[in-house]
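I have placed the structure first, in the form of structure tokens, so that the comments after it can refer back to it.
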Amino acid sequence: MAFTSDLTIDEVLLIEEVGFEPVELVLSSSYFHIGWQSASWTTNTELEAVSALMLRARQTAIHRLVSQASAAGADGIVGMRLDIERDGHSAEFTAMGTAVRRRAGDGKAWRDGHGRPFTSDLSGVDFWALVRGGFRPVALAHGVCVYHVAHRSLAGWLSGTGQNMEMPAFTQGLYEARELAMDRMQTEARAAGSTAGIVAVDAREGSHGWDSHVIEFVAVGTGVAPIVDPGHEVHGEPGLVLGMRDDDDERQDLDDA
Amino acid sequence: MAEWQRPQVQRQTLPQHASERIQRMRGPQGQRFFTSDLSVKEFLLVREAGFECAGFVMGSSIYHVGYQRGDYSQNQELGVLTQALYQARELAMARMEEEAHELGADGVIGVRLRVNRHAWGESLLEFVALGTAIYARDGRSWRAPSGMPFTSDLSGQDFWMLLKSGHRPVSLVMGNCVYHVAHQTLGGWFSSVGKNQEMGNFTQALYDARELAMERMQYEAQIDGAAGVVGTEIYETTHGGWDSHVIEFFAVGTSVLPFPVTSPPPSPTLVMTVNE
């Protein structure tokens, strides 16, 4: 049967190597109106209604993607991407990925805790490495916290000018917001049946055309569980190789967020 | 070095949500649940090296960075700003270390230090330290001589190789220097316009500032009792709203200590990749 996929050739080969085959490219979207929750001008607080909405918009797009994959007889989705395109007060959440099926027919063991196809933003190469390392992806988990940062009073502003000091109220507020986003991601991953943990976490922050005092913290990562099948083949000890290529040094810039 | 007062940072107490998250990662009866921002390859290599991920840890500090006037025609360090930026980073690092400590981890790898500026806070800088806390499977302690978890900005791949070579990370060491570069005098400008020549004054200023940042970083490594520093990087930045003649030089690296290994490091195999 013909398949469609946006995977590269080596990704397809590696997925087949661990006993999967691509089924089809799946795509879904959800269109949400992002409302507003008023917050007191002078408080550091979470905007809980907006947090819940931003999470639900993402989950809706992912849920539709999973339903499509399930209808196509797939056991999981790899290389998943979630894009947000904003248009005034509305935003379109688009999810896309390649649905894959277990060839041996033991696909049930690879599905998540609710019997749905697994989801993961890992590339084909990372998927192969993870499976050969003895783990299976379970679910791409999200945690969201939308936070309102207080405006500083004029008196507070005047007393602070010219001084070098920590601002404990701001530090605490943003710190808590990040922790909440990560904690929610953990809870979601566990609920989906990721028993080991979450890999490749990306903790981001952004604003979606809101007042500059409102920040969205998002944590995303792939929840994983150990593969229990005793016949599962794992990779050997890694060796040290010297590639015949001039690789660019991929060091991360510390100051560029 | 005598004039360098290294700002001291106390042990930190964590915000409530951080403690709660860490308790959930530790789990009841040792049923750990990790989170990690390591890539899959890094995650597997860390396990291969005999470690397990304990959790994604972070620390932050929002700092009001004020103003220090530099003499218009002088090359000089702005000591107050240097100390402020150092202190802010140390606070973020100390909170991250505290999270790792609470997780019962041996160390933190892949540490990144970010500086954020937010539109709502003029002259506020947010320093964020992020990394993945890990612990040894065999229960041996790999903590730094201070008793706190080690810290390192090495990737999972570099960490694996460092251990194979018989070295272990001790701490992320850093040094900085905020420097004011003198403005040229009008006479100086006239005498050099149209000529190709070295601007000794500017060369000297930037040279000094870099050396100071490096020296402070080395000093930290010596205090930690380390044998050396690997992966040093130097960054030059001007933070929001600064005069264009004010630059921060920031040196950061991982201090290491040798430890006895049973097998020699593997010799590299030559491979020719088919990737373009």
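The values are calculated or read from the model by the stated rules, or taken from the named source; none is laboratory data. As the structure is a prediction and not an experimental result, all values here were calculated from the model. For neighbour counting, all protein chains shown are included, and Cβ atoms are generated from backbone atoms with ideal geometry for every residue, glycine included. When the accessible area is computed, the model is the full protein with side chains, heavy atoms only, and any ligands, DNA or RNA have been set aside. Shrake-Rupley method; radii C 1.70, N 1.55, O 1.52, S 1.80 Å.
Among the residues of segment B:124-157, which ones are of a type outside the set (Gly, Ala, Ser) and part of a loop (DSSP other than H, G, I, E, B)? Quick ask: steps written out before the conclusion?
Residues of segment B:124-157 of a type outside the set (Gly, Ala, Ser): B:124-128, B:130, B:132, B:134-135, B:137-138, B:140, B:142-143, B:145, B:148-151, B:153-154, B:157.
Of everything in segment B:124-157, those that are of a type outside the set (Gly, Ala, Ser) and part of a loop (DSSP other than H, G, I, E, B) turn out to be B:Arg137, B:Asp138, B:Arg140, B:Trp142, B:Arg143, B:Pro145, B:Met148, B:Pro149, B:Asp153, B:Leu154.
Residues are listed down the side, and each one gets a yes or a no for (1) small (Gly, Ala, Ser); (2) in contact with a helix residue (DSSP H, G or I) (Cβ under 9 Å, 6 or more places away or on another chain); (3) closer than 28 Å to A:His235 by Cβ:
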residue: B:Ile22; (1), (2), (3): no, yes, no
residue: B:Phe33; (1), (2), (3): no, yes, yes
residue: B:Ser36; (1), (2), (3): yes, yes, yes
residue: B:Ala54; (1), (2), (3): yes, yes, yes
residue: B:Gly59; (1), (2), (3): yes, yes, no
residue: B:Ile62; (1), (2), (3): no, yes, no
residue: B:Leu78; (1), (2), (3): no, no, no
residue: B:Gln83; (1), (2), (3): no, no, no
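Can you name every residue in segment B:71-123 that is open to solvent by less than 10 Å² (accessible area, probe 1.4 Å), over 16 Å from B:Ser60 (Cα atoms) and in a loop (DSSP other than H, G, I, E, B)?
B:Leu78, B:Leu103, B:Ala105
Condition first: under 13 Å from A:Val218 (Cβ atoms) and either open to solvent by 20 Å² or more (accessible area, probe 1.4 Å) or part of a loop (DSSP other than H, G, I, E, B) (or both). Now tell me which residues in segment A:54-82 satisfy that.
Hits for segment A:54-82 are A:Leu55, A:Gln59, A:Leu82.
Mind checking which residues of segment A:111-134 are within 17 Å of A:Glu21 (Cβ to Cβ), more than 14 Å from every other protein chain (Cβ to nearest Cβ) and buried (at least 24 other Cβ atoms within 10 Å of the Cβ)?
Matches in segment A:111-134: A:Pro117, A:Phe118.
Mind checking which residues of segment B:210-253 are of a type in the set (Ser, Thr, Tyr) and either touching a helix residue (DSSP H, G or I) at 6+ places or on another chain (Cβ under 8 Å) or open to solvent by 60 Å² or more (accessible area, probe 1.4 Å) (or both)?
Passing the criteria: B:Tyr219, B:Thr232, B:Thr238, B:Ser244.
Looking only at segment A:101-128, which residues are in contact (Cβ under 8 Å) with a residue 60 or more places away in the chain and either of a type in the set (A, V, I, L, M, F, W, C) or assigned to a helix (DSSP H, G or I) (or both)?
Scanning segment A:101-128 gives A:Ala104, A:Ala109, A:Leu122, A:Gly124, A:Val125, A:Asp126, A:Phe127, A:Trp128.
Collect the residues in segment A:116-134 that are closer than 14 Å to A:Ala200 by Cα and of a type outside the set (Gly, Ala, Ser), keeping them in residue-number order.
Across segment A:116-134, the qualifying residues are A:Thr119, A:Asp121, A:Leu122, A:Val125, A:Asp126, A:Phe127, A:Leu130.
Matching residues to (1) within 26 Å of A:Gly221 (Cβ to Cβ); (2) open to solvent by 50 Å² or more (accessible area, probe 1.4 Å):
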position	(1), (2)
A:Leu7	yes, no
A:Phe20	yes, no
A:Val26	yes, no
A:His33	no, yes
A:Glu48	yes, yes
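Would you mind stating whether B:Tyr67 is open to solvent by less than 10 Å² (accessible area, probe 1.4 Å), under 30 Å from B:Gln184 (Cβ atoms) and within 11 Å of chain A (Cβ to nearest Cβ)?
No: the conditions fail for B:Tyr67.
Can you name every residue in segment B:124-155 that is surrounded by fewer than 22 Cβ atoms within 10 Å (Cβ to Cβ) and not aliphatic (A, V, I, L, M)?
Passing the criteria: B:Arg137, B:Asp138, B:Gly139, B:Arg140, B:Ser141, B:Trp142, B:Arg143, B:Pro145, B:Ser146, B:Gly147, B:Ser155.
Looking at B:Gly55, B:Gly50, B:Gly27, which is the one that is at pLDDT 90 or above and within 15 Å of A:Ile198 (Cα to Cα)?
After applying the criteria, what remains is B:Gly55.
Just for segment B:34-46: of the residues that are facing chain A (nearest Cβ under 7 Å) and assigned to a helix (DSSP H, G or I), which one is surrounded by the fewest Cβ atoms within 10 Å (Cβ to Cβ)?
It comes out as B:Lys41.
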